[in-house]
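Student: I am attaching a structure below and will ask some questions about it afterwards.
The values are calculated or read from the model by the stated rules, or taken from the named source; none is laboratory data. If you're wondering where the values come from, they're calculated on a predicted model, not measured in any experiment. Note: ideal-geometry Cβ built from the backbone for every residue, glycine included; neighbour counts use all protein chains shown.
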Amino acid sequence: MAGPVEWQWLTHEEIGELRKGGMDMAILPVGSTEQHGPHLSVNVDTVSADSLARAVSAATGVPVLPPLPYGMALGHTAKWPGTLSLSPGTLTSVVVEIGEWLLKASGFSRLLILNGHYTNAAPLRSALELLRSAHPEMRIAVKSIWEISARVSEVYTADAADWHANAAETSLMLAHHAKGVRRERIFDDIDRTKGLFFSYPVDRTSEHGATGRPTLAREEVGARLFAWQVEDLSALVKAALTEEPPFERGI
């Protein structure tokens, strides 16, 4: 397997050659800078999305754009220091402008927005809608790293439906970014959201800012989960390189 194709380390000539060679897709990892309990660094969502995007790039040849380290994390409040949040509209606008520059300056018409943070989903979907409306020739997808396949989702939600800094995220960090884990500060915190009608910010549902049972985290579990993410998303990306709308395929 070759290494990832990293947009930020290419020259404009090399990016032009990629396009001339038939590559018209790119991956944009979108993360967040937010508290992840007392045991994980604030970059979890960013490094998780970026690491997966880089691995998928290596497997498919699709270039990966520089990661966006800020997301929509208003729900983490100011109770715990460290969170740096964009408003929903700002995140949407940033992603739309990146997508438009990808198209107009480089001719890439397929974009995978790879989401690493749960509440980025609505702003990123809004960005998809705006790009698709303004540029019908574009093909845009939003995929979240925990929803790539059934087996991946099962691991993420095994200890908490409202997971955050849980066993899955902690296992991934142990496997690939161990310097971001403070093992002596790992505490379990039950998921208190079951049966609730309303949605509440994290400071009203979590004692330490985490949810789930991160004490169950294991490096080998993180390594297996990451391998599944890479395998399953790479298969989707390879198919997406040539996908066209149903009517254009005569369906």
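Student: Of 54, 110, 125, which residue is at pLDDT 95 or above, within 21 Å of residue 178 (Cα to Cα) and either out of contact with any Gly (no Cβ under 6 Å at 6 or more places or on another chain) or surrounded by fewer than 18 Cβ atoms within 10 Å (Cβ to Cβ) (or both)?
Tutor: 54 is the lone residue from the list that is at pLDDT 95 or above, within 21 Å of residue 178 (Cα to Cα) and either out of contact with any Gly (no Cβ under 6 Å at 6 or more places or on another chain) or surrounded by fewer than 18 Cβ atoms within 10 Å (Cβ to Cβ) (or both).
Student: Restricting to the stretch 172-186, name every residue that is surrounded by 15 or more Cβ atoms within 10 Å (Cβ to Cβ) and more than 22 Å from the chain's Cα centre (by Cα).
Tutor: Matches in the stretch 172-186: 186 only.
Student: Which one of these is within 23 Å of residue 30 (Cα to Cα), in contact with a helix residue (DSSP H, G or I) (Cβ under 8 Å, 6 or more places away or on another chain) and of a type in the set (A, V, I, L, M, F, W, C): 186, 148?
Tutor: Exactly one residue qualifies, and that residue is 148.
Student: Moving on to the next point. What are the residues in the stretch 36-51 that are buried (at least 24 other Cβ atoms within 10 Å of the Cβ) and not in a helix (DSSP H, G or I), if any?
Tutor: Correct list: 36, 37, 40.
Student: Here are some residues: 124, 128. Which one is part of a helix (DSSP H, G or I), within 18 Å of residue 72 (Cβ to Cβ), among the aliphatic types (A, V, I, L, M) and without any contact (Cβ under 8 Å) to a residue 24 or more places away in the chain?
Tutor: 128
Student: Could you tell me how many of the residues in the stretch 112-134 are farther than 25 Å from residue 225 by Cβ, of a type in the set (A, V, I, L, M) and in contact with a strand residue (DSSP E or B) (Cβ under 9 Å, 6 or more places away or on another chain)?
Tutor: Final tally of qualifying residues: 3.
Student: If you check every pair at least six apart or on different chains, which have Cβ atoms under 6 Å apart with a residue in the stretch 3-23 that is modelled with pLDDT of 95 or more first and a residue that is surrounded by 10 or more Cβ atoms within 10 Å (Cβ to Cβ) and among the hydroxyl-bearing types (Ser, Thr, Tyr) second?
Tutor: 4/57; 5/57; 15/106
Student: Go through (1) within 14 Å of the chain's Cα centre (by Cα); (2) of a type outside the set (Phe, Trp, Tyr); (3) under 26 Å from residue 23 (Cβ atoms) one by one and return the number of the condition residue 119 breaks.
Tutor: If we test residue 119 against (1) within 14 Å of the chain's Cα centre (by Cα); (2) of a type outside the set (Phe, Trp, Tyr); (3) under 26 Å from residue 23 (Cβ atoms), just (3) comes out false.
Student: Given the residues 231, 169, which is the only one that is charged (D, E, K, R), closer than 30 Å to residue 22 by Cβ and under 19 Å from the mean Cα position of the chain (by Cα)?
Tutor: None of the others qualify; the one that does is 231.
Student: Still on this model: Specify which of the listed residues (90, 170, 157) is within 28 Å of residue 210 (Cβ to Cβ) and touching a helix residue (DSSP H, G or I) at 6+ places or on another chain (Cβ under 7 Å).
Tutor: After applying the criteria, what remains is 170.
Student: Among the residues of the stretch 139-161, write down those that are touching a Phe, Trp or Tyr at 6+ places or on another chain (Cβ under 9 Å) and either under 28 Å from residue 93 (Cβ atoms) or of a type in the set (S, T, N, Q) (or both).
Tutor: Scanning the stretch 139-161 gives 144, 145, 146, 147, 148, 149, 153, 157.
Student: For the stretch 3-35, which residues satisfy the criterion of being of a type in the set (Ser, Thr, Tyr) and not in a strand (DSSP E or B)?
Tutor: Listed by number, the residues that qualify are 11, 32.
Student: Let me ask another. Can you tell me which of 77, 92, 60 is buried (at least 19 other Cβ atoms within 10 Å of the Cβ) and either in contact (Cβ under 8 Å) with a residue 40 or more places away in the chain or in contact with a Phe, Trp or Tyr (Cβ under 7 Å, 6 or more places away or on another chain) (or both)?
Tutor: 60
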